[in-house]
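First up is the structure itself, then whatever we jot down about it.
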Amino acid sequence: MKPPHNVETLVVLQPIGVDTDSDDRQGLLVMANGLLVGVLVRLDTPGHEQLRGWFLEAGFGRLAGLRAPTFDTPEAAARWLRQRLKR
């Protein structure tokens, strides 16, 4: 059941380590209204000089296959993801 359109989606970010096969291991589980919808990974190793910040490593459900920008902060990522989950 979808929440009513006038209710904001509750997005919770939970720290977790992610095996990315690189030195980028700091991650956040993204949960929306109690469901896992994505995994963010912090890009901060020397190979990412142009792309520092938080990257949507994996999206599930409505976020599956979504092309997302790199975010400066987890809060910026949460705002952007919340907007996508409204649709």
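Structural remarks
- In a reduced charge model with +1 at each Lys and Arg Cβ and -1 at each Asp and Glu Cβ, the stretch 11-85 shows a dipole moment near 480 debye about its Cα centre.
- Solvent exposure, largest accessible area first (probe 1.4 Å, DNA, RNA and ligands not counted), of 18, 30: 18, 30
- Within a Gaussian network of the chain (alpha carbon springs, distance under 10 Å), most fluctuating of 74, 15, 46: 46
- Positive-end residue, the stretch 11-85 charge dipole about Cα centroid, Cβ charges, pick of 80, 58, 27: 80
- Residue 82 versus residue 70: modelled label distance in nm, points set 7 Å from Cα along the beta carbon direction: 2.5
- MRE, 222 nm, helices only [DSSP H, n ≥ 4, -39500 (n - 2.57), over the chain, to nearest 500]: -4500 deg cm²/dmol
- Nearest 10 degrees, 0 to 90: helix 74-86 Cα axis against the chain principal axis: 40
- Extension reserve of the residue 25-residue 51 stretch, reckoned as 0.36 nm per residue once the Cα distance is removed: 7.8 nm
The values are calculated or read from the model by the stated rules, or taken from the named source; none is laboratory data. None of these values were measured; they are calculated from a predicted model. Glycine also receives a Cβ, built like all others from the backbone with ideal geometry; neighbour counts cover every protein chain displayed. With ligands, DNA and RNA removed, areas are computed over all heavy atoms of the protein, side chains included. Shrake-Rupley method; radii C 1.70, N 1.55, O 1.52, S 1.80 Å.
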